[in-house]
1. Got at least one residue in segment B:42-60 being more than 30 Å from residue A:196 (Cβ to Cβ) and touching a residue at least 60 places away in the same chain (Cβ under 8 Å)?
2. Show the residue pairs that are 6+ apart or on different chains and have beta-carbon atoms under 9 Å apart, the first residue being within segment B:106-120 and over 13 Å from residue B:56 (Cα atoms), the second being within 8 Å of the ligand (Cβ to nearest atom) and among the aromatic types (Phe, Trp, Tyr).
3. Taking segment B:414-433, which residues are at the interface with chain A (Cβ under 9 Å from one of its Cβ atoms) and within 14 Å of the ligand (Cβ to nearest atom)?
4. I'd like the residue in segment B:101-113 that is within 14 Å of the ligand (Cβ to nearest atom) and part of a helix (DSSP H, G or I) and, out of all such residues, is surrounded by the most Cβ atoms within 10 Å (Cβ to Cβ).
5. Consider residue B:391 carefully, then state whether it is of a type in the set (A, V, I, L, M, F, W, C), in the same structural domain as residue B:431 (by TED's automatic domain parsing) and more than 16 Å from the ligand (Cβ to nearest atom).
6. With (1) in contact with a Leu (Cβ under 7 Å, 6 or more places away or on another chain); (2) in a helix (DSSP H, G or I) as the list, and residue B:258 as the residue in question, which single condition is left unmet?
7. Can you name every one of the helices (runs of 4 or more DSSP H) wholly within segment B:123-216 that holds 1 or more residues which are of a type in the set (D, E, K, R) and crowded, with 20+ Cβ neighbours inside 10 Å?
8. Quick test for you: out of B:286, B:250, pick the one residue that is under 21 Å from the mean Cα position of the chain (by Cα) and farther than 24 Å from residue B:129 by Cα.
Amino acid sequence: MALEKITQVGGRGVYVPGDDLDTDRIIPARFMKCITFDGLGEFAFYDARAFAKAEGQTHPLDDQRFTGASILFSGSNFGCGSSREHAPQALYRFGIRAIIAESFAEIFFGNSITLGMPCVVMSSEDIRSVAKLIESDPAAILTLDLTEKKLSIADMDFPLTIAVHAQEALVTGKWDAIADLLEGLDDVRTRAATLPYMAAS
Amino acid sequence: MSQTLLDKVWATHTVRTLPNGATQLLIGTHLIHEVTSPQAFGMLRDLNLKVLYPSRTFATVDHIVPTDERAEPFSDDLADAMIKALRSNCAENGITFFDLPTGKQGIVHIVGPEQGITQPGTTIACGDSHTSTHGAFGAIAFGIGTSQVRDVLATQTMAIHKPKVRRISVHGKLNPGVYAKDVILHIIRKLGVNGGLGYAYEYGGSTFDAFTQEERMTVCNMSIEGGARVGYVNPDETTFEYLKGRPYSPKGADWDAAVIRWKATASDADAHYDDAVTFDAADIAPTVTWGINPGQAIFINENVPFPSEVPEKDRATAEEAIAHMLLKPGAPIKGTKVDVAFLGSCTNGRLSDLQEVARYMKGRKVKSGVKAIVVPGSQGVASVAESMGLAEIFREAGFEWRGAGCSMCLGMNPDKLVGEQLCASSSNRNFKGRQGSPTGRTVLMSPLMVAAAAVSGEISDAREVFDIR
Ligand code: SF4
């Protein structure tokens, strides 16, 4: 299975501030009553957006200035909580192609990489600086470069970090593990036969 | 020697190292449920792949099942489509399904241990972050996403990097009225909701040695709330005693051989840990959350913190929490009015939880105006509890006695908070909107504290309400 080599993500940015934005926030459980991931995009941050509206405010994801943005910025421990792949799926289907945060919860991180959606880490200072730049010029195009490990906006570069294995997986087009795993099936059977609780199967 | 249980299980389950350095890890036992599996079966069909070891996957239905009117078709079409999809996926692929009519249905993390499927020294995966529960048996158990459910179905393996291990020791005897739930809430409060990132938590020490298997499950269940994807306790006689005679436990000579193997999987006395933390059981009091993540917790006699008191990096979240919870900083949490009392979930929906609460509820009444529900974690728990007369005690006290499922732990079934209702809950997550109402408020606590809240109509100290000394 040849997958796209993801070396760069370009697009406009949107900043959703907050730490510990959990998976219930990213997609409330009541929208997970589905048997496909289709159509989940509209439910991304559903309650937060509805709240903002009710209070006469506009959530960044509904702010027309940021419509079509594909790079999402946020705080620390992004995606904590449940293992639901519905969360990264909803963001991806909303149009997000990369997430930049201070840190990520582990399962969310893995789920996102498997979709080919890079999750990269930047310092909170830099995230705030970029957020200001986006705010003052929402049309600015950002370039996330996974090979150079930097984010460029206007004539500025910001350093970023990403786990080596995830970076490699993305840039070599091996972000979905299934092909590699399938190649090892003979070894899987051999290994399983050594385990009493599996050998009986 | 000098290996942890994690090292040993990793070694016996490593298939090979993948080109990117991740381990292709054999997943001996795979548990599935209706929410995170249908898309995975869809992916298998798209890729024209088959389930490699159908006999190593077990299914149940828990998140979307109604707990009162359970006749099918469910009134919610979407929920009905989900149970039907699971049923047909299991039938097509030869997977055992603990379906509603089997009498074995329940929350996936309660059913696995109950059936004896969860065993020491094994690897377990499930498309659910509370899979860490199974670590209570000395298994290495991971919550996984749907693409990984697909991977495990098709290859019985997944690609994963080996975590570091943090040893968390708790020593001594818990004070009366303090429970396993308080221990884990305290650990998360102290180490933070992302303190466990990159780590597996190994729980031990004399407090854990004395814990029952079910208490160990309560702690391991919430490892993920502390950021640790995996949590485990080394298997011992308590573990073997629990497993003996269960439907899927080894029998006869196989049992004896298994126990010898299981003992050998425990961490060596001189095992190397990447980090170690120690707590004193005597320092822990009944704990409740005041905020919107499980780390925002205080002892029942403490006051709701001022956001200005919390470390700077947690301040914004604290402010958001106070606003959402409609609590007053600096005021006691005790006395906060409660609308709903929920006793259940994979954290605290097991028989011992219900027994402990029933013991104190006998002859007591739920305060009028409080909606109180008990939701056994499985049909197995329900039937034993009913035969022991517990259901009767709960009903007489004014609790609703429901059918097994996730219920009010999350808003995917008819059991939901309404508006700004505040729920005293024995579950594991107090995220905004978690219990089905975007403005609903969740206060996490031990089962007995839930009972105390139900009786008094406000957040209370169970030791005072039930005169525990
Ligand atoms: S009881 Fe709650 S936490 Fe446990 S599996 Fe169900 S929804 Fe998840």
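The values are calculated or read from the model by the stated rules, or taken from the named source; none is laboratory data. From a predicted model like this one, the values you see are computed outputs, not experimental measurements. Please note: Cβ atoms are built from the backbone with ideal geometry, for glycine as well, and neighbour counts cover all protein chains shown. All accessible areas refer to the heavy atoms of the entire protein, side chains included, with ligands and DNA or RNA removed. Shrake-Rupley method; radii C 1.70, N 1.55, O 1.52, S 1.80 Å.
1. yes
2. none
3. From segment B:414-433, those at the interface with chain A (Cβ under 9 Å from one of its Cβ atoms) are B:416, B:429, B:431-433; that's our starting set.
Within segment B:414-433, B:416, B:429, B:431, B:433 meet the criteria.
4. Step one: filter segment B:101-113 for residues within 14 Å of the ligand (Cβ to nearest atom), giving B:105-113.
Okay, now just the ones that are also part of a helix (DSSP H, G or I), so B:108-113.
Values: B:108: 29, B:109: 33, B:110: 28, B:111: 27, B:112: 28, B:113: 24.
Looking at the filtered set, the residue picked out is B:109.
5. Values: of a type in the set (A, V, I, L, M, F, W, C): yes; in the same structural domain as residue B:431 (by TED's automatic domain parsing): yes; more than 16 Å from the ligand (Cβ to nearest atom): yes.
Yes.
6. With respect to (1) in contact with a Leu (Cβ under 7 Å, 6 or more places away or on another chain); (2) in a helix (DSSP H, G or I), residue B:258 is out only on (1).
7. Working: elements: B:146-155, B:180-191, B:206-210.
Where helices (runs of 4 or more DSSP H) fall fully within segment B:123-216 and carry at least 1 residues being of a type in the set (D, E, K, R) and crowded, with 20+ Cβ neighbours inside 10 Å, they are B:146-155, B:180-191.
8. Details: B:250 fails: under 21 Å from the mean Cα position of the chain (by Cα).
B:286 is the lone residue from the list that is under 21 Å from the mean Cα position of the chain (by Cα) and farther than 24 Å from residue B:129 by Cα.
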